[in-house]
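Here's the structure, in structure tokens; my notes come after.
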Amino acid sequence: MADLKKTALYEMHEAAGGNIVDFSGWALPIQYTSIKEEHHAVRNNAGLFDVSHMGEVTIKGPDATAFVQYLVANNVKSLNDNQILYTMMCYEDGGIVDDLLVYKYTDNHYYLVINASNVEKDFEWMQKNSDAFDVTLVNESNDVSEIAIQGPKAQEILQKITDIDLDEIKFFYFKDEVKVNGKKALVSRTGYTGEDGFEVYTSHENIVEIWEKLFEVGEDLGLMPAGLGARDTLRFEASLPLYGNELSKDITPLEAGLGFFVKLDNDDFIGKEALLKQKENGLERKIVGFELTDRGIPRHDYDVYSGDEKIGFVTTGYKSPTLKKSIGLAMVPIEYADLGTEILIEVRNKMKKAKVVSKKFLKKNYKK
């Protein structure tokens, strides 16, 4: 672990018994007690995640809106000040550079939150495509700590140490200069679990005290620290994509089933032409949900078959802690994408029967 980057909360994770692993070059807890226990804590009460490994880029300048609009596939011009947009950056061929959140301060000021595994690649991509725009880009990833508190009791717990009424922050909005445990922070309301929750961005110096204080005030409400393992099972049940699984340079947003976040009737953006062509020609493949009807647990990268023919691959698979079913997401040819279609998943060298089901495995509980 000596060569891995550590967040400001690393010692907190060790003290809490976190099982530390290498995640994209960061030393982060995969779990503290068990993935299942932490997963249920978030579904029923609240869980606290260290997501300080995420990247943050500030974009300022007279052309900030025009630049971000060109950079991403969704419509940035639809945003109000202090609103957040989920979107993707695409390559010219429609493949995905990364998925990200765009925080709009003003027309001249944006804050982009990107995936830890892609920070350097993403920032280079932004710089490469900014030449025609009057903007300044600053990679702040090494200067920001971020935690996420998620679950039905998240607001009640965070409210105890926050100086504003958290009802003021609507879903996919944020507020800066909020006092959290007396420390200045940016607080947003997005989440990656299918539950209500908040993100707190602040300095490395402030984050440890905030982390400790949240457990002090949240212990009676069932707050638990949660690791990367529960983060993945929670986002998967809510059918939220993960870069490297459902998203990659070889998968387009349309193939990933994220066409809602691609505005092809809007301004020009990188990859638009390729995606327009793909939509006009019709998809040849797409990501579907599936449920095993045989015993077994599907995993990322397992092969998908129809009879003896290999037709695709699993992007994510688990035995769902909430639903207690073995379910997954898989990339398959379009002719196998209809609900009810029978497929086979190769699990440990054995063929297991499965059927295509809706990707809406679980009803999301966001507070809108």
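The values are calculated or read from the model by the stated rules, or taken from the named source; none is laboratory data. No experiment lies behind these values; they were computed from the predicted model shown. Counting neighbours? That spans all protein chains shown, and the Cβs are built from the backbone with ideal geometry, glycine included.
To keep it simple, each residue is scored yes or no on (1) among the charged types (D, E, K, R); (2) modelled with pLDDT of 95 or more; (3) over 21 Å from Ala41 (Cβ atoms).
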{"residue": "Lys160", "(1), (2), (3)": "yes, yes, no"}
{"residue": "Asp176", "(1), (2), (3)": "yes, yes, yes"}
{"residue": "Gly182", "(1), (2), (3)": "no, yes, yes"}
{"residue": "Ser188", "(1), (2), (3)": "no, yes, yes"}
{"residue": "Gly194", "(1), (2), (3)": "no, yes, no"}
{"residue": "Glu199", "(1), (2), (3)": "yes, yes, no"}
{"residue": "Ser203", "(1), (2), (3)": "no, yes, yes"}
{"residue": "Val208", "(1), (2), (3)": "no, yes, yes"}
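With respect to the conditions (1) closer than 29 Å to Lys360 by Cβ; (2) touching a helix residue (DSSP H, G or I) at 6+ places or on another chain (Cβ under 6 Å), Arg235 falls short on a single one, namely (2).
In segment 161-179, the residues that are in a strand (DSSP E or B) reach residues that are among the acidic types (Asp, Glu) with C-beta atoms within less than 9 angstrom, at least six apart or across chains, in these pairs: Phe174/Glu199; Lys175/Glu168; Val178/Asp163; Lys179/Asp163. Within segment 266-297, the residues that satisfy the criterion of being surrounded by 14 or more Cβ atoms within 10 Å (Cβ to Cβ), within 20 Å of Ile96 (Cα to Cα) and touching a strand residue (DSSP E or B) at 6+ places or on another chain (Cβ under 9 Å) are Phe269, Ile270, Gly271, Lys272, Ala274, Leu275, Arg285, Lys286, Ile287, Val288. Could you please find all residues in segment 227-260 being within 14 Å of the chain's Cα centre (by Cα), closer than 28 Å to Ala66 by Cβ and not in a loop (DSSP other than H, G, I, E, B)? Answer for segment 227-260, where residues must be within 14 Å of the chain's Cα centre (by Cα), closer than 28 Å to Ala66 by Cβ and not in a loop (DSSP other than H, G, I, E, B): Tyr243, Leu247, Ser248.
Under 6 Å between Cβ atoms, which residue pairs at least 6 apart in sequence (or on different chains) link something in segment 294-306 that is more than 10 Å from Lys353 (Cα to Cα) with a partner that is basic (Lys, Arg)? Between residues of segment 294-306 that are more than 10 Å from Lys353 (Cα to Cα) and residues that are basic (Lys, Arg), the close pairs are Ile297/Lys319; Asp303/Lys310. Summed over segment 268-322, residues that are within 30 Å of Asn365 (Cβ to Cβ), β-branched (Val, Ile, Thr) and in contact with a helix residue (DSSP H, G or I) (Cβ under 7 Å, 6 or more places away or on another chain) total 2. If the condition is being closer than 30 Å to Leu9 by Cβ and outside any strand (DSSP E or B), then segment 130-147 contributes Glu140, Ser141, Asn142, Asp143, Val144.
crowded, with 20+ Cβ neighbours inside 10 Å and assigned by TED's automatic domain parsing to the domain that holds Glu212, is that true of Ala41? Yes; evaluated as a whole, the condition is true for this residue.
Condition check for Leu258 on (1) more than 17 Å from Glu146 (Cβ to Cβ); (2) surrounded by fewer than 17 Cβ atoms within 10 Å (Cβ to Cβ): one failure, at (2). I'm trying to understand the selection: among the residues of segment 307-316, which are crowded, with 18+ Cβ neighbours inside 10 Å and either closer than 10 Å to Asn245 by Cβ or not small (Gly, Ala, Ser) (or both)? Across segment 307-316, the qualifying residues are Ile311, Val314, Thr315, Thr316. For segment 115-129, a residue qualifies if it is of a type in the set (A, V, I, L, M) and either in contact with a helix residue (DSSP H, G or I) (Cβ under 8 Å, 6 or more places away or on another chain) or part of a strand (DSSP E or B) (or both), and the qualifying residues are Val119, Met126.
For residues in segment 154-204 being under 23 Å from the mean Cα position of the chain (by Cα) and among the basic types (Lys, Arg), which is surrounded by the fewest Cβ atoms within 10 Å (Cβ to Cβ)? Here the answer is Lys170. The helices (runs of 4 or more DSSP H) located wholly in segment 10-114 that include 2 or more residues which are without any contact (Cβ under 8 Å) to a residue 12 or more places away in the chain and over 28 Å from Val178 (Cα atoms) occupy 10-15.
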